[in-house]
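A short worksheet on the structure shown next.
The values are calculated or read from the model by the stated rules, or taken from the named source; none is laboratory data. All figures in this text were calculated on a predicted structure; none of them were measured in a lab. Glycine also receives a Cβ, built like all others from the backbone with ideal geometry; neighbour counts cover every protein chain displayed.
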Amino acid sequence: VLDHYPFKVTGTTFQKNPVYHAQVNMKEVTLVLLNEETINAQALTDSFIKPDLIVFISRHSSTSGKPTLSVHTPGNIGPAEYGGLPKQVSVSPATAMYDALKALSFFKEGMQLDYEVSYECTHHGPSLNAPTMFVELGSSEKQWRDSKAAEAVAHAALSAIGKFAVSDSQAVIGIGGTHYNQRFTSMALDDEAVFGHMIPKYAIPLVNSEMLEQCVNKTLERVESVILDWKGIKSADKPQLLQALSEAGLSYKKV
């Protein structure tokens with residue numbers, strides 16, 4: 001980020017690190033470096049007055065080690081096992097996530113990166129009452145040291161920030177499928193839908209109408225419907241999920 005954008009040191013510090021500032025497409029952008037793990041940055045909003053958008057540019061780790069460029073909203077559908085607050089999600093900036101996803105795909109092709117571009121489901125901390133998303137490079141140390149891929153992540157994040165605006169646009173919640181939902185990713189890249197919170201198959205037993213209502217209320221855009229990855233939902237979980245959707249007053253579409 002510092003190599004490619006006109007960030008200047010402000011003279012203030014955060015966690016004893018310099019704080020930087022730049023204008024990106026007429027947006028006032030503050031860059032801070034965290035000493036703690038990003039998932040534990042629950043107190044971040046205590047230090048900055050009502051940020052319009054928070055973007056964590058970070059590493060992603062998985063056991064598969066698959067080269068991945070990903071985007072997601074943080075928060076916990078269930079217990080707070082990896083930071084954040086239990087049963088509390090952050091505000092999802094669905095359009096900004098969509099813009100970052102499209103930018104990752106653009107830079108992947110343009111820079112000829114052998115990476116998968118993907119949405120990730122809502123998971124881990126922090127749980128913030130501000131529009132928050134992660135733009136990540138994964139999934140092992142080999143990829144973390146890939147300067148071209150890191151540049152793509154930086155450009156995608158700053159591209160989304162530069163386009164950010166609050167509007168009365170619509171988004172959907174996605175439910176079902178795996179942690180990296182390629183169906184939802186493809187729909188977004190093909191301009192069929194803009195996704196906010198995404199709940200994977202393994203978290204559906206934790207979902208009730210209250211959680212669905214929270215996901216609706218904690219999406220920056222207007223949410224009136226849900227897209228279900230129907231084959232990516234266990235048969236045993238379908239009746240409970242449909243009941244919760246009915247109680248929350250949400251329409252749905254099966255894909």
- Quick count over segment 139-168, residues being modelled with pLDDT of 95 or more and closer than 28 Å to VAL207 by Cα, is 0
- Note on the structure: Filtering segment 182-217 for residues that are in contact with a strand residue (DSSP E or B) (Cβ under 8 Å, 6 or more places away or on another chain) and within 14 Å of MET97 (Cα to Cα) leaves a count of 11
- In the set ASN76, ASN25, ASN40, the lone residue that is more than 20 Å from the chain's Cα centre (by Cα) and polar (S, T, N, Q) is ASN25
- Message: I'd like to check something: does segment 31-49 contain any residue that is aromatic (Phe, Trp, Tyr) and closer than 20 Å to LYS163 by Cα?
- Response: no
- For segment 4-25, enumerate the residues that are touching a helix residue (DSSP H, G or I) at 6+ places or on another chain (Cβ under 8 Å) and either within 25 Å of GLN88 (Cα to Cα) or part of a loop (DSSP other than H, G, I, E, B) (or both). HIS4, TYR5, ASN25
- Message: With the requirement that a residue be small (Gly, Ala, Ser) and outside any helix (DSSP H, G or I), what does segment 26-57 give you?
- Response: ALA41, ALA43
- Query: Of all the residues that make up segment 100-119, how many are surrounded by fewer than 22 Cβ atoms within 10 Å (Cβ to Cβ), in a helix (DSSP H, G or I) and not aromatic (Phe, Trp, Tyr)?
  - Reply: 5
- Sole exception among (1) in contact with a strand residue (DSSP E or B) (Cβ under 6 Å, 6 or more places away or on another chain); (2) crowded, with 19+ Cβ neighbours inside 10 Å; (3) not in a loop (DSSP other than H, G, I, E, B); (4) not β-branched (Val, Ile, Thr) for SER127, by number: (3)
- Note on the structure: Of the residues in segment 55-96, those that are surrounded by 23 or more Cβ atoms within 10 Å (Cβ to Cβ) and closer than 16 Å to ALA154 by Cβ come to VAL55, LEU69, SER70, VAL71, ALA96
